[in-house]
Structure formats: C-alpha cells, structure tokens
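Visitor: Please read through the structure below; I'll follow up with questions.
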Amino acid sequence: TRRSSDLPDGKWIAVEDAETPAAWLGLYLVSVENGEKRKLIAQPERTADLQPAFSSNGRQIAFTRDIGRGVSVVEVLPLSPVLKAEGPPLAIPLPGFENVIVSYPRWLPDGKNLIVSYNRGGTDRLWRVSTNGREEPKLLTSFGDLVSYPVASADGRELAFSRIVEDTNIWA
C-alpha cells in the first residue's frame, strides 16, 4: 500500500512511489489539478523514503527513511513556498532509539513535535518526539502496545490511531 499526505491547501499530495517496479521507494509530489508528478529528493542508495506527512503550514514534510537491517529514522525536509526542497532532509536525533524501526510520523499542530510509532523490543508504541532533538521522546503510555498510524486533531487535543489485535487459532 502506498501512503500519502495532502498539502493543507489541497493542491498537492506527497506520496511514496518508485520510478520502476524494481526501484526503491522515494518521495514524490503529485498535483491534484493536472496529475503532474515530480520527485522531491534523491535518497541515498539502498534506502527508501516512506510515509510522508505535511506539516500544517505545508513548509515541511516528515517521513521515515528505511536504511536497512530493520532500522529506520525520522527525517524532516524543509520546503520552499513553491514546494521545492530547501536543502537536505534533517535527521531527528532520538537518543536511545538507535537501531529500531520508526513508523508513521505525523505532525502535532504546533509544528514542533511529531507523534511516531516505534517498534522497540518487538512491539509498536506511540511516542511524542521533538523535531529539535533537544527533548527526550515521551511515551504515550495510555495507548498500550501494538499501535500505529497516529493522526492528531487540528487542535492537538485528540489522537486517532490503529491498534493491532492478534487472534491466533489452531484449526484442524
């Protein structure tokens, strides 16, 4: 499944896609009006850029970069007013979260924090992380384990997410 995020003005969608079926996934913008598609940035070889999320002002895209070996990182790409990359993406430093899988970064309305899902110790949990990297990630403990796909309300007071429920049976 390809994941996408709408620009707040509704004119562009950020998507993960590939130039060929054998290529690694990267970030693209697609015009809602005319279908124009353009690649946002080139990623390092053997990495995939996934799960884009526009900030509420449309000037940043958060995404995960899969670097292989079960490791991914959160990156933020600053955008110009004409939706061109303003420099390289900035990796969000997350002390204590090296060598884990991070997924589904979604912006909080303040534009300074993200809600992300981390697979740490074999289970997914939701965390609030600061984009400045100066604050420790905060576990949102009341949501429990095996949760992902977070989305914050416009005022940041509510959070929707998916919870994975496993039902294992033996059939004869």
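Visitor: If you scan region 49-77, which residues turn out to be out of contact with any Ser or Thr (no Cβ under 8 Å at 6 or more places or on another chain) and within 16 Å of Arg38 (Cα to Cα)?
Guide: Correct list: Leu77 only.
Visitor: If you take the residues in region 65-81 that are farther than 15 Å from Asn132 by Cβ and either under 13 Å from the mean Cα position of the chain (by Cα) or modelled with pLDDT of 90 or more (or both), which one is most open to solvent (accessible area, probe 1.4 Å)?
Guide: Result: Pro81.
Visitor: List the number of the failed condition for Ser56; all other conditions in (1) at pLDDT 90 or above; (2) assigned to a loop (DSSP other than H, G, I, E, B) hold.
Guide: (1)
Visitor: Next up: Would you confirm whether or not region 2-19 contains a residue that is free of Cβ contacts under 8 Å to residues at least 12 places away in the same chain and closer than 28 Å to Glu136 by Cα?
Guide: No: region 2-19 contains no residue that is free of Cβ contacts under 8 Å to residues at least 12 places away in the same chain and closer than 28 Å to Glu136 by Cα.
Visitor: Another question, then. Of these, Thr131, Thr123, Thr168, which one is surrounded by 17 or more Cβ atoms within 10 Å (Cβ to Cβ) and of a type outside the set (A, V, I, L, M)? Spell out the reasoning first.
Guide: Details: Thr123 fails: surrounded by 17 or more Cβ atoms within 10 Å (Cβ to Cβ); Thr168 fails: surrounded by 17 or more Cβ atoms within 10 Å (Cβ to Cβ).
Thr131 is the lone residue from the list that is surrounded by 17 or more Cβ atoms within 10 Å (Cβ to Cβ) and of a type outside the set (A, V, I, L, M).
Visitor: Within region 29-44, does at least one residue satisfy the condition of being crowded, with 17+ Cβ neighbours inside 10 Å, assigned to a loop (DSSP other than H, G, I, E, B) and either among the small types (Gly, Ala, Ser) or touching a residue at least 60 places away in the same chain (Cβ under 8 Å) (or both)?
Guide: No - not one qualifying residue is present in region 29-44.
The values are calculated or read from the model by the stated rules, or taken from the named source; none is laboratory data. Note that the coordinates shown come from a computational prediction; the quantities given were computed from them, not determined experimentally. Every residue, glycine as well, gets a Cβ built from its backbone with ideal geometry; the counts of neighbours run over all protein chains shown. For accessibility, only protein heavy atoms count, side chains too; no ligands or nucleic acids. Shrake-Rupley method; radii C 1.70, N 1.55, O 1.52, S 1.80 Å.
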